[in-house]
Amino acid sequence: MFGSYQFGKPVSLGSSTIETYQEKGLYVYHRKSDSELKKIMPSPFNLLVTPVEPVTQPEMITHYLLIRTAFPVLVPSRSKITVVVTFPIEIGVFPETEESLNMGFFSSTRKEEEPIDLFTVTSPKYTLYGDPDNGVICKMWRSDVYTQVPQVDPLSEGIANVEIENLAPQRKEITNLVFDVRYMRIFYDGLAMANAVMKVNSTGSAETSFLEEPPLVGMKKAATLFNSSKGAVMEKESFLMERGL
Amino acid sequence: MMDQSLSVFGDVTLRDIAVFLLTVVISVIVARLVRTNVRTALKERVAEHVLSIAERLIYYGIIAVGVVIALPQLGLHLTGLLVAGGFAGVVLGFASQSVVSNLISGLFLIVERPIRIGDQIQIGDISGVVEDIRVLSTVVRTFDGTYMRIPNEKVFSSNITNYVKYPARRFEYSIGIGYEDDAEEAIQVIKKVLEEHPFVLVNPRPAVYVDDLGDSSVRLSIRVWAPSQVWYTVQMELLWKMKVELEKAGIHIPFPQRVIHIVDGT
């Protein structure tokens, strides 16, 4: 499961297994799954296995995630409800250097490492949110809607608590939740979770964003592939859904 | 009386020099302001080296205009220069006609932005990836790896097809199956192949339908939307997958055939 693993200790992730070993004087990273991956590493290394922003597989072509709910969620006028939905899990494997160990996992000053490996056990699917001339390509995920944390396979599904606030004077039906995952904060502790907010405004559009707080006390912050501090100008960390809810 | 007492040389007074300097200073300030605004407006649209050239042209152009306006204050009238310059201008105008035309076209391309660096495009009969948009020309790497420099005038006046301007694009297949095969089953097999491919978009939905009852086969039309960045890869992958899955399902893609009835003419 997610967490840190010493060099040489195999990691079992459902149908996939990760092994690190020495072979003919070389240090090898080896993922055994449907699509096998082998890499030679410069030195013995520990692994950090963590959920990452779920838009990298099979190829990173977008940074938007669209969660389509199995049934529309009706949100009365000027009210707030919280629903639980699932999101796809993509797994990142990072080398854990002495430096990162000394500084603690993903502390704000930790130097972000490039992942050794990114993979998923889910079947990725993409869609267009909006029209062909002005829409955005999104990773798509279908989810049931729950009121509390459901039983899920932690290697394929994470849990997002979404607080939906309807500021419009009419009742709204929500079927699509579109997020900019560059600003996604995933936390893990056996299960990957995130807290999100959707504000439906009076014009019928909605703004979605993620919260910094972990859903449960003691959860660790997952590694991130999009380091917002790299950019000189901080953009607004939300997505405006203007092409349908 | 005052001016004569302050005369520096000839008719030029200190006041004239002050006006000249003031005009030049104002033109420098205006040039800087315009340069800053041009950079702000175009930095997202234009490559850095092109922007740098445009900035300098605008900056020094405005200062030159300021100096020309201010020169009469120093008793330097440009009437004579204009006559000589007029003749030189005609000569230079003819000589630099295509350069200016390309330059103006380049500026329009930068502002209108029908293409951007990295886009897959077709300009006239040239297809490829835009490598650079310069002031005078556009560089295209054709799909077979050839370097093409196209003058901006030609780019501007040609039909431009940008394959990746929009986030998604549609492509189409036409597959024939035998008249003895079950078209409904074939459609289901093809839909399953499309469903399993990650980049066949869920929305807009793919369409699979019987399009034509041909001479040799029942023609199925398959219309697929895919993200513009990967559409060509998706197009290449899908055709063979559909062929393999149709054959696995016992559905055949027939060769052209003709049924001949021989009438026994006794």
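The values are calculated or read from the model by the stated rules, or taken from the named source; none is laboratory data. Since the model is a prediction, treat every value here as computed from it, not as a measurement. Because the Cβ atoms are built from the backbone with ideal geometry, glycine has one as well, and the counts that use them run over all protein chains shown. Quick note on the areas: whole protein, heavy atoms, side chains included, nothing else; ligands and nucleic acids left out. Shrake-Rupley method; radii C 1.70, N 1.55, O 1.52, S 1.80 Å.
Values computed for the structure shown
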{"quantity": "The lone exception for residue B:239 - which of (1) within 31 Å of the chain's Cα centre (by Cα); (2) open to solvent by less than 30 Å² (accessible area, probe 1.4 Å); (3) away from chain A (no Cβ under 14 Å) it fails", "calculated": "(2)"}
{"quantity": "Unique match (being over 12 Å from residue B:154 (Cα atoms), of a type outside the set (Phe, Trp, Tyr) and without any contact (Cβ under 8 Å) to a residue 24 or more places away in the chain) among B:129, B:135", "calculated": "B:129"}
{"quantity": "So residue B:129, is it in contact with an Asp or Glu (Cβ under 6 Å, 6 or more places away or on another chain), away from chain A (no Cβ under 14 Å), in a strand (DSSP E or B) and modelled with pLDDT of 90 or more", "calculated": "no"}
{"quantity": "Extreme residue, least open to solvent (accessible area, probe 1.4 Å), among residues of segment A:185-232 that are β-branched (Val, Ile, Thr) and at pLDDT below 90", "calculated": "A:224"}
{"quantity": "Residue in segment B:192-205 that is touching a helix residue (DSSP H, G or I) at 6+ places or on another chain (Cβ under 6 Å) and under 30 Å from residue B:257 (Cα atoms) present", "calculated": "yes"}
{"quantity": "Any strands (runs of 3 or more DSSP E) falling wholly within segment A:120-218 and containing at least 2 residues that are polar (S, T, N, Q)", "calculated": "A:157-166, A:172-180, A:206-210"}
{"quantity": "Which listed residue is surrounded by 14 or more Cβ atoms within 10 Å (Cβ to Cβ), in contact with a Gly (Cβ under 8 Å, 6 or more places away or on another chain) and either hydroxyl-bearing (Ser, Thr, Tyr) or within 14 Å of chain A (Cβ to nearest Cβ) (or both), from B:228, B:217", "calculated": "B:217"}
{"quantity": "Selection count, segment A:36-63, where residues are among the hydroxyl-bearing types (Ser, Thr, Tyr) and open to solvent by 40 Å² or more (accessible area, probe 1.4 Å)", "calculated": "1"}
{"quantity": "Qualifying residue in segment B:47-60 (condition: farther than 30 Å from residue B:118 by Cβ, outside the structural domain of residue B:135 (by TED's automatic domain parsing), modelled with pLDDT of 75 or more and part of a helix (DSSP H, G or I))", "calculated": "yes"}
{"quantity": "Residues being surrounded by 16 or more Cβ atoms within 10 Å (Cβ to Cβ), in contact with a helix residue (DSSP H, G or I) (Cβ under 8 Å, 6 or more places away or on another chain) and part of a loop (DSSP other than H, G, I, E, B) - total across segment B:107-126", "calculated": "1"}
{"quantity": "So residue A:142, is it in contact with a helix residue (DSSP H, G or I) (Cβ under 8 Å, 6 or more places away or on another chain), within 27 Å of residue B:166 (Cβ to Cβ) and open to solvent by 30 Å² or more (accessible area, probe 1.4 Å)", "calculated": "no"}
{"quantity": "Residues satisfying the stated conditions in segment B:18-46, i.e. modelled with pLDDT under 85 and assigned to a helix (DSSP H, G or I)", "calculated": "B:38, B:39, B:40, B:41, B:42"}
{"quantity": "Selection from segment A:128-172 of residues that are touching a Gly at 6+ places or on another chain (Cβ under 9 Å) and within 14 Å of another protein chain (Cβ to nearest Cβ)", "calculated": "A:128, A:129, A:130, A:136"}
{"quantity": "Among the residues listed as B:83, B:91, B:65, the single one being open to solvent by 60 Å² or more (accessible area, probe 1.4 Å), at pLDDT 85 or above and more than 28 Å from the chain's Cα centre (by Cα)", "calculated": "B:65"}
{"quantity": "Of residues in segment B:160-208 being facing chain A (nearest Cβ under 9 Å) and of a type in the set (D, E, K, R), the one least open to solvent (accessible area, probe 1.4 Å)", "calculated": "B:169"}
